[in-house]
Amino acid sequence: MLLFKDRSAAGVAGVLAVALGASVLLYYWVAPDKKVDDFVGPPRSGYTLTNFNLDSYNDFGQPAFKLIAPHLERREDDESLYINAPDFVLPPTKDLTAPPWKGHSQYGWVNKDGSLLKLQGKVHMDRIAFGQTPPASIDTSEVTAWPKENRLETAEAARIVQGASTMDGVGMRANLDTKHLELLDAVHTVYPPRKR
């Protein structure tokens, strides 16, 4: 204390500032390294559901799609849903009197806001007959769907059966509301003869 007896307050503050700076530098020099997160593995699930029903709606409050499956995991990082063996329902968004398309796939994935649905593995879809329209089915795989717009597509082989007509091709685009269906390559179609 004798050292600081005749010193000004500014001088004491300067010495203390130098001492503080030196102690901070000493701490960073001898402190252990930050622990690195060395966890390796799949992203962790925000939550898991078993035997669940999921209903998603479009911007107008109409049903966009329904999923029923034995297992769902929500990922924390992007809030997407990973689903095992989903049964799904894609209702019409324009003609609400038309029956929905129903089907199943081996796996499914839904993005955070429900605007994108991936039906992975083998995919089968059916629609019952209505009015003058015969029943229809689609068998394909790896379908990407925009359920709020009722559109879907795949780059894989697809078979479409409507009534007694069969269409096979590779790559498919469909708008389920407008009943517009496009096969992109290697198309083979069988139409039975009309009754006279």
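Observations, loosely collected:
- Here the gap between Ala31 and Asp139, fully extended at 0.36 nm per residue and compared with their Cα-Cα distance, gives a gain of 32.6 nm.
- Pairs beyond 21 Å (Cα-Cα), from Lys94/Lys122; Lys118/Lys148; Lys94/Lys195: Lys94/Lys122; Lys94/Lys195
- Nearby aspartates and glutamates by direct alpha-carbon distance to Lys66 (threshold 15 angstrom, same-chain neighbours under 8 apart not counted): Asp55, Asp87, Asp113, Asp126, Glu149
- Size of the chain: Rg and Dmax of its alpha carbons, in Å, are 31.1, 122.
- Relative contact order of the chain, pairs being alpha-carbon contacts under 8 Å that are 6 or more residues apart, as %: 11
- Contour minus Cα-Cα distance for Asp59 and Asn84 (0.36 nm per residue): 6.3 nm
- The slack in the chain from Ala157 to Leu116, taken as 0.36 nm per residue of separation less the alpha-carbon distance, amounts to 12.7 nm.
Taken together, the values in this text are just the output of simple stated rules run on the coordinates, not laboratory data. Values in this document were obtained by computation on a predicted structure and should not be read as measured data.
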